[in-house]
Amino acid sequence: MTASTDVPIAPDAHPHAATNGSAVAPVATGRAGAKAILLGEHAVVYGRPAIAIPVRALGARAEARPAVAEPRLSSALYHGAISRAPERLGVTLTALSAALEAAGGRAVPVDIAIESSIPAERGLGSSAAVSAAVIEATLRACGVTVDDERLHELIQTAERAAHGSPSGLDARTVRARAAVWFDGGRIEPVSVGRDLTFVIADSGVRGRTREAVAAVAARRHDDPEGVEAALDELGTLATALRRDVSSGARDDIGAAMSRAHVLLDGLGVGDPALDHLVRAAMSAGALGAKLTGGGRGGCVLALAPDLDAAAALSDRLTRAGAAAVWTTTVEGAA
Ligand code: PMV
């Protein structure tokens, strides 16, 4: 089964009254959250499973309303006519075009406003979340409903513009409410035995997912046996991790994360700034720490022994030079 979307897609455009009493164009919204990969990045590209968690503190929101003049886009990166938007907004524009194309005969030109607290290029799913929000808002503004699979495909269209041949993990996870198991392109909820509190630390170095994915492919070409062995081990770790998450075995979860970091580094997607934060997390009492997402920059994910320890861990990571830290708890049954 697939996890449900955060906000079901259904037309919810509603007129907002202007302060002078007259109605303004209806506004439709779309939302998606940040995600962190607990284990399995890169290995998923080669068919191994992965586990990802939502990061509730961070999210993206888009508003779409039928345009009354030339369609405009408003975001932290750009305010102006969509037709003149800069190239770096290419992924967002791909998402918008995909949604309008899916709306078919019901498509209407829309003004889009985007707000996102997810830092870009940090392995937290910013591009997929913004694309998901834009697609959802645009479809709603057009009064069009699509099923979950179609929505996933539309987000994947934008993700392909972001980094080539994405596994689909980001596109699925940014719309999930809980921890997910990703295998064969689909997600299932993961049962969580005990609360797990993670600290995410931003190295401040932009992650380079496309480059990192290409580097793993090149290494696999040069050293198929070595890389396959690492990918197999990551797959085995993910499978064991699912059981450990379910039983609440925090020490084992931490150990698997730390081992994954070493394996990812061996695949060539590490970065000295990430190693520095991993070491700082471990010396501050983390049960495990690893890079999360594409790597070569981006964020480190560390498992805290409990919520109190997470505060000390955040402090230490900030003092170690993290550009930002966030704490997120995946709630367990007990
Ligand atoms: O860096 P992010 O958040 O886009 O994560 C990429 C995850 C990879 O496994 C490296 C690529 C993929 O398509 O799954």
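The values are calculated or read from the model by the stated rules, or taken from the named source; none is laboratory data. Remember, it's a predicted structure, so these values are computed and weren't measured experimentally. Note that we place each Cβ from the backbone using ideal geometry, even for glycine, and neighbour counts take in every protein chain shown. Ligands, DNA and RNA are excluded from the accessible area calculation, which covers all protein heavy atoms including side chains. Shrake-Rupley method; radii C 1.70, N 1.55, O 1.52, S 1.80 Å.
Under the convention that each Lys and Arg Cβ holds +1 and each Asp and Glu Cβ holds -1, the size of the dipole of the stretch 28-186 around its Cα centre is about 280 debye. GNM remark for the chain: springs join alpha carbons under 10 Å apart, and the peak mean-square fluctuation among 91, 68, 174 falls on 68.
Think of the chain as having a plus end and a minus end, set by charges on the Cβ of Lys, Arg, Asp and Glu; of 142, 247, 264, 142 sits farthest toward the positive end of this dipole. Restricting the trypsin sites (Lys or Arg not before Pro) of the stretch 25-88 to loop positions (DSSP other than H, G, I, E, B) with no more than 16 neighbouring Cβ atoms within 10 Å leaves nothing.
Rolling a 1.4 Å probe over the protein heavy atoms gives the stretch 196-334 an accessible area of 41 Å² per residue.
Rg and Dmax, both from the Cα atoms of the stretch 192-330 and both in Å, are 14.9, 46.
Note on the chain: Rg/Rh from Cα positions, Kirkwood definition for Rh, rounded to two decimals, is 1.00. Under 5 Å between amide hydrogens, built in the peptide plane, is the criterion, and for residue 67 it picks out 110, 111 among residues at least 5 positions away or on other chains. Taking the charge dipole of the chain about its Cα centre, with +1 at Lys and Arg Cβ atoms and -1 at Asp and Glu Cβ atoms, the residue from 127, 226, 179 reaching farthest to the positive side is 127.
Shape index of the stretch 68-162: Rg/Rh, with Rg the Cα radius of gyration and Rh the Kirkwood radius from the inverse mean 1/r over Cα pairs, equals 0.94. Along the stretch 73-78 the Karplus relation, 6.51 cos²θ - 1.76 cosθ + 1.60 evaluated at θ = phi - 60°, assigns HN-Hα couplings of 10, 10, 8, 4, 8, 6 Hz to successive residues, with x for each Gly and Pro.
Per-atom-type breakdown for the stretch 28-186 gives carbon and sulfur 51% of the accessible area (1.4 Å probe, protein chains only). Taking a quarter of the surface of the Cα convex hull of the stretch 163-246 gives a mean projected area of 7.0 nm². The residues of the stretch 28-186 expose, per residue, 37 Å² of accessible area to a 1.4 Å probe. Taking amide H positions as modeled 1.01 Å from N, with prolines and chain starts lacking one, the residues under 5 Å from residue 295 and 5 or more places away or on another chain are 208. Between residue 223 and residue 149, the simple label model (points 7 Å from Cα in the Cβ direction) yields a spacing of 4.0 nm.
Residue-wise HN-Hα couplings along the stretch 290-303, as the Karplus relation 6.51 cos²θ - 1.76 cosθ + 1.60 with θ = phi - 60° gives them from phi, are 7, 5, 9, x, x, x, 6, x, x, 10, 10, 10, 10, 8 Hz; Gly and Pro carry x.
Between residue 186 and any residue 5 or more places off or on another chain, the built amide H atoms are never under 5 Å apart. If one takes the longest principal axis of the Cα atoms in the chain, at what angle in degrees, from 0 to 90 and to the nearest 10, does the Cα axis of helix 224-247 lie? Once rounded, one gets 80 degrees.
Taking each DSSP H run with n ≥ 4 as -39500 (n - 2.57) and averaging over every residue of the chain yields -13000 deg cm²/dmol at 222 nm.
If you take the Cα centroid of the stretch 274-329 and the Cα centroid of the stretch 83-143, the two points sit 31 Å apart.
Can you compute the charge dipole magnitude of the chain about its Cα centre, using +1 on each Lys and Arg Cβ and -1 on each Asp and Glu Cβ, nothing else charged? Give it in debye, rounded to the nearest 20.
Dipole size: approximately 540 debye.
Can you tell me the orientation of helix 126-141 relative to the chain, as the angle in degrees between its alpha-carbon axis and the longest Cα principal axis, to the nearest 10? Between helix and principal axis, roughly 30 degrees. Surface composition of the stretch 192-330: carbon plus sulfur atoms hold 51% of the accessible area, using a 1.4 angstrom probe and ignoring ligands, DNA and RNA.
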